[in-house]
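Novice: Take a look at this one; I'll ask things after.
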Amino acid sequence: MNYEDILKVLRKSDYKITPQRKSIIQVLIENNTSLISIETLFMRTKELYGKTNISTIYRNLEILENLNLIYKVIDGGTSLYKLNCSHIGHHHHLICKNCGKTETIDFCPMETLQQLSKEKEFNLEDHKLELYGTCKKCQVKEL
Ligand SMILES: [Zn+2]
Ligand SMILES: [Zn+2]
Ligand SMILES: [Zn+2]
């Protein structure tokens, strides 16, 4: 989703497009391929809009999450965020535990499990699979 699409969804749900909200969305778009923490989001938003405060960041993330615009991962107790990417179709992520970079994998390895669920007469509706590790860039740094 691009900037305009996100604003459209917000307007449709009667949310005002405040400068702060705009800045938050801008930061999320700039970090489209990385997961970021609330603290990082706060710091970067503050660079764009000086009057930003952390409670507004929390509130806006909650709104965006409720509108299904946010993809959230909890890694060792820390919540990490990026814009939802489900509109490109079903896919999985490689997530770097060091820098939060995410990479998309279009291949879905769940077919066998879907078959096994069927055999148990279980109606499988959804699944999530995230693969954690270290990206190429961060592997170099570790040497
Ligand atoms: Zn994705
Ligand atoms: Zn990395
Ligand atoms: Zn899948």
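Novice: Of the candidates Tyr15, Tyr81, Tyr49, which one comes out as most mobile in a Gaussian network treatment of the chain with C-alpha springs shorter than 10 Å?
Specialist: Tyr15
Novice: If each residue of separation counts as 0.36 nm, what is the full-extension length gain between Arg59 and Val9 once their alpha-carbon separation is subtracted?
Specialist: Fully extending the segment from Arg59 to Val9 adds 16.3 nm.
Novice: Per the 1.4 Å probe, what fraction of the accessible area of the chain, in percent, lies on carbon and sulfur atoms?
Specialist: Looking at the chain in its full context, I get 51 percent from C and S.
Novice: When the chain is treated as a GNM, springs tying every alpha-carbon pair under 10 Å, which of Thr102, Thr112, Thr40 comes out with the largest mean-square fluctuation?
Specialist: Largest GNM mean-square fluctuation: Thr112.
Novice: What whole-number value in Å² describes the accessible area per residue of the chain for a 1.4 Å probe?
Specialist: Value for the chain: 67 Å² per residue.
Novice: Next question. What order, most packed first, do the peptides 63-72, 86-95 have when packing is the mean number of other Cβ atoms within 10 Å of each residue?
Specialist: Most protected by this proxy first, the peptides run 63-72, 86-95.
Novice: What list of ³J(HN,Hα) couplings, whole Hz, do you get for segment 53-66 from phi and the Karplus terms 6.51, -1.76, 1.60, once you set θ to phi - 60° and write x for glycine and proline?
Specialist: Result, ordered by residue: 10, 4, 5, 5, 4, 4, 5, 5, 4, 5, 4, 5, 5, 5 Hz.
Novice: Where a Cα-Cα gap under 17 Å defines reach, which aspartates and glutamates qualify for Lys51, not counting those fewer than 8 residues away within the same chain?
Specialist: Answer for Lys51, where 17 Å is the Cα cut-off: Glu39, listed by chain and number.
Novice: Keeping all protein chains in place and using 1.4 angstrom, which order do Met1, Met43, Met110 fall into by accessible surface area, from largest down?
Specialist: So the residues, ranked largest to smallest area, are Met43, Met1, Met110.
Novice: Among residues other than Ile57 whose Cβ falls under 11 Å from its Cβ, what is the net charge (Lys/Arg +1, Asp/Glu -1)?
Specialist: +2
Novice: Are any of the pairs Lys16/Lys97; Lys12/Lys82; Lys12/Lys101 more than 28 Å apart by Cα-Cα distance, and if so, which?
Specialist: From Lys16/Lys97; Lys12/Lys82; Lys12/Lys101, over 28 Å: Lys16/Lys97; Lys12/Lys101.
Novice: If you don't mind, another one. If I model a spin label at Tyr132 and Leu48 as a point 7 Å from the Cα along the Cα→Cβ vector, what separation in nanometres do I get?
Specialist: 2.9
Novice: Which FRET efficiency value, to the nearest 0.05, is calculated for Lys120 and Asn66 with the Förster distance at 22 angstrom and r the Cβ-Cβ distance?
Specialist: Rounded to the nearest 0.05, the efficiency is 0.10.
Novice: Just to be sure I understand: of the beta bridges DSSP finds with both ends in the chain, what percent are antiparallel, rounded to 5?
Specialist: Details: 13 of 17 bridges.
Within the chain, antiparallel bridges account for around 75 percent of the total.
The values are calculated or read from the model by the stated rules, or taken from the named source; none is laboratory data. The structure displayed is predicted, hence computed values, not measured ones. Neighbour counts run over all protein chains shown; Cβ positions are idealised from the backbone, glycine included. Remember, those area values only see protein heavy atoms, side chains included, never the ligands or the DNA or RNA. Shrake-Rupley method; radii C 1.70, N 1.55, O 1.52, S 1.80 Å.
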